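Read through the structure below, which is laid out as structure tokens, and then see the notes.
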Amino acid sequence: MRASRRLNQVYGWLLLTPAAILLLSFTHYPTVATLWQSFFSTGTALRPSRFVGLDNYRFMLEDEIFWKVVGNNLLFAAGTIPVSIALALLMAVWVNGRLPGRALVRMAYFTPTILPMIAVANIWLFFYTPEIGLLDQILRSFDLPTRNWLGDPDIVLWCIIVLAVWKEAGFFMIFYLAALQALPPELEEAARLEGASRAYYFRRVVFPLLMPTTLFVLVNAVINSFKLVDQLFILTKGGPDNASALLLYYIYEVAFSFFDDSYAATLTVVLLAALALISLGQFLFLDRRIHYR
Amino acid sequence: MAAIQVEEITKLWGATRAVDGVSFAVPEGRFVVLLGPSGCGKSTTLRILAGLEEPSSGRVLIDGRDMTRAAPAQRRISMVFQSYALFPHLDVRENILFGLKVRRVAREERERRLARVAELVGLADLLDRKPAQLSGGQRQRVALARAIVSEHPICLMDEPLSNLDAKLRQEMRLELRALQRRLGMTVVYVTHDQAEAMSMADRIILMRAGRIEQEGDPDALYGRPATLFAASFIGTPPMNLLTLEDGPEGAVIAGSEVKVLDGPAEARILGLRPEHLRITETGGVPAELLATDYLGADTVISARIGSQRLGIRVAGRYRAEPGAPIRVAWSPEHLHLFDARSGRRTCDASGLSGTDPAPVRIAATASKGGGS
């Protein structure tokens with residue numbers, strides 16, 4: 001009896017091992033190594049790396065560009081998250097109803113998700129290009145003044161936000177669509193019999209029942225708003241004057257353009273800590289208000 | 001006046017006729033059951049009454065007004081769903097009050113009705129629970145409470161007891177019926193369970209393949225089934241339907257020799273309920289016992305007469321070995337005859353005994369015939 005239980009435990013560990021090795025070597029070890037490195041200076045041929053305590057963090061607090069990209073990133077998050085979630089819900093409700101060519105509409109909404117971000121950025125680059133881009137061509141045909149969309153520090157970030165919303169909303173729609181289809185149709189019939197309008201039914205029944213999905217989508221949207229930076233490589237390279245640089249892109253620049261490994265590690269630690277805190281907060285705060293079946 | 005009047009409704013799903021020219025009336029304050037096997041159109045009919053489906057043709061009148069195209073909420077009906085359709089994120093109180101809040105009933109009025117209904121169905125202590133924390137029976141009561149609290153005169157029920165276990169179902173049957181009487185509700189109740197229909201209904205509408213097979217009170221459906229289908233659907237175990245053929249003196253049960261009816265068989269089918277058959281020492285029709293099924297209060301015996309199998313229900317325990325010879329007898333008033341081709345009842349037992357005394361003397365004839 002005891003021997004068979006021990007054997008079971010061995011099997012359990014054996015089954016967990018492959019995934020555990022991958023996670024440890026590519027997620028947990030790099031995380032710890034990053035944290036470790038953030039307390040050291042970047043070594044050069046002449047000055048080897050040495051322990052500097054919190055010096056890197058102190059430098060970060062005085063780094064104007066850091067604060068600039070944090071501000072950009074917060075604006076980017078505030079611009080993309082609510083809009084893409086609202087749009088996703090709206091599209092899901094629409095394509096869940098009866099309409100001709102429903103499958104086609106669903107597919108159309110989902111297409112941006114399956115395209116690689118680099119390809120998406122190239123498409124939008126064509127939209128945004130001054131003078132010959134789609135937007136400017138449209139503006140010109142109405143005799144409106146054209147503009148350099150990605151060259152203007154005041155609007156470049158908004159251009160990036162629009163692109164991100166376009167890319168993400170379809171992805172989130174799929175989750176809402178699945179959740180909507182899991183709702184038993186009798187609930188709507190029961191509400192109709194009681195005389196509830198569609199809006200009332202949506203507010204009192206559908207939306208609360210979609211909350212688990214909303215939380216999931218929200219967590220993903222927040223993480224994506226810090227994670228999705230591929231488009232910057234194609235469109236702006238963070239410019240002009242860092243007006244469109246986001247935190248992760250800045251980390252990339254610090255690490256691979258300026259080769260300041262330790263400072264990049266420091267920024268990474270801050271990014272990870274912020275994401276962990278946000279996710280934790282979402283789960284703790286929203287979980288109490290969510291009904292799980 | 002009839003609370004609900006259904007006139008020639010038909011519902012097409014593509015080429016299929018789910019409901020095919022159905023008409024009936026539901027008198028006010030009555031308990032009417034739509035009974036039938038799955039796929040017979042009874043649920044579709046109910047959903048048409050509720051306004052959840054539109055009929056392809058025909059009219060639905062509620063309180064004398066044409067409601068065929070009216071929205072469900074305008075019909076002043078409530079409905080209990082088979083799945084209960086409770087809102088899983090709302091507690092019992094909010095589930096019950098959902099409709100009243102939609103209709104903006106004043107707060108004091110809501111509380112008054114809630115207290116009364118919760119008392120009525122025995123949910124007073126569970127108002128703060130979520131549906132997931134309730135047992136099947138309790139959920140059923142919430143669904144019922146939600147229907148009652150609306151104080152609509154008509155309540156539609158779609159197999160509301162089918163998700164409960166057998167014992168609870170029996171209890172709820174009595175409770176539901178008592179509640180309906182007490183509140184004077186008009187109920188249209190859909191079920192495939194004939195026992196449920198028999199025990200609760202004032203009136204049963206038996207449906208098959210989208211049409212009404214027979215309509216009447218439980219006595220009529222049990223005592224005078226209009227068709228072979230009605231005969232086999234009502235009653236457990238079902239009525240024995242025995243093919244007749246021509247014997248030397250009159251009609252005999254196929255494969256046997258003893259006359260059971262005067263005159264030729266004329267492709268008729270003899271219907272006899274298991275509970276109306278007796279086992280006798282002398283007389284009757286000889287049969288071979290195949291098996292016994294002891295159920296406690298009674299025993300159901302499977303037997304064979306000629307080529308025909310039949311069930312016999314006797315009180316208490318009946319002990320016999322398979323293969324034993326027995327004699328089966330019945331009284332003429334319990335005899336049903338159907339036309340094999342149309343499936344319709346050809347004449348009834350009372351008419352038969354009046355015009356032709358032969359079946360009365362079956363026992364005697366059989367004992368005399370036993371020697372021949």
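Figures for the structure shown
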| quantity | calculated |
| --- | --- |
| Among the residues listed as B:71, B:85, B:124, the single one being of a type outside the set (D, E, K, R), surrounded by fewer than 16 Cβ atoms within 10 Å (Cβ to Cβ) and either within 22 Å of residue B:53 (Cβ to Cβ) or facing chain A (nearest Cβ under 8 Å) (or both) | B:71 |
| Residue within region A:16-26 that is touching a residue at least 60 places away in the same chain (Cβ under 8 Å) and either surrounded by 10 or more Cβ atoms within 10 Å (Cβ to Cβ) or part of a helix (DSSP H, G or I) (or both) present | no |
| Flag for residue A:38 being in contact with a helix residue (DSSP H, G or I) (Cβ under 6 Å, 6 or more places away or on another chain) and farther than 30 Å from residue A:153 by Cβ | yes |
| Selection count, region A:190-219, where residues are surrounded by 19 or more Cβ atoms within 10 Å (Cβ to Cβ), facing another protein chain (nearest Cβ under 7 Å) and in a helix (DSSP H, G or I) | 5 |
| Flag for residue B:8 being touching a strand residue (DSSP E or B) at 6+ places or on another chain (Cβ under 7 Å) and within 14 Å of chain A (Cβ to nearest Cβ) | no |
| Which listed residue is in the same structural domain as residue B:147 (by TED's automatic domain parsing) and within 24 Å of the chain's Cα centre (by Cα), from B:67, B:79 | B:79 |
| Residues (in contact (Cβ under 8 Å) with a residue 40 or more places away in the chain and under 16 Å from residue A:180 (Cβ atoms)) located in region A:86-111 | A:87, A:88, A:89, A:91, A:92, A:93, A:95, A:96, A:106, A:109, A:110 |
| Which listed residue is at pLDDT below 50 and either small (Gly, Ala, Ser) or outside the structural domain of residue B:244 (by TED's automatic domain parsing) (or both), from B:303, B:320, B:340, B:363 | B:363 |
| Test: residue in region A:115-133 that is small (Gly, Ala, Ser), without any contact (Cβ under 8 Å) to a residue 40 or more places away in the chain, surrounded by fewer than 14 Cβ atoms within 10 Å (Cβ to Cβ) and closer than 21 Å to residue A:233 by Cα | yes |
| Sole residue being without any contact (Cβ under 8 Å) to a residue 40 or more places away in the chain, touching a helix residue (DSSP H, G or I) at 6+ places or on another chain (Cβ under 7 Å), within 13 Å of chain A (Cβ to nearest Cβ) and aliphatic (A, V, I, L, M), chosen from B:114, B:52, B:100 | B:52 |
| Sole residue being in contact with an Asp or Glu (Cβ under 8 Å, 6 or more places away or on another chain) and away from every other protein chain (no Cβ under 13 Å), chosen from B:59, B:47 | B:59 |
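Rundown of residues vs (1) under 25 Å from residue A:271 (Cβ atoms); (2) surrounded by 11 or more Cβ atoms within 10 Å (Cβ to Cβ), yes/no style:
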{"site": "A:10", "(1), (2)": "no, no"}
{"site": "A:28", "(1), (2)": "yes, yes"}
{"site": "A:47", "(1), (2)": "no, no"}
{"site": "A:50", "(1), (2)": "yes, no"}
{"site": "A:63", "(1), (2)": "yes, yes"}
{"site": "A:68", "(1), (2)": "yes, yes"}
{"site": "A:78", "(1), (2)": "yes, yes"}
{"site": "A:91", "(1), (2)": "no, yes"}
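The values are calculated or read from the model by the stated rules, or taken from the named source; none is laboratory data. These numbers come from a predicted model, not from an experiment. Cβ: placed from backbone, ideal geometry, glycine included. Neighbour counts: every protein chain shown.
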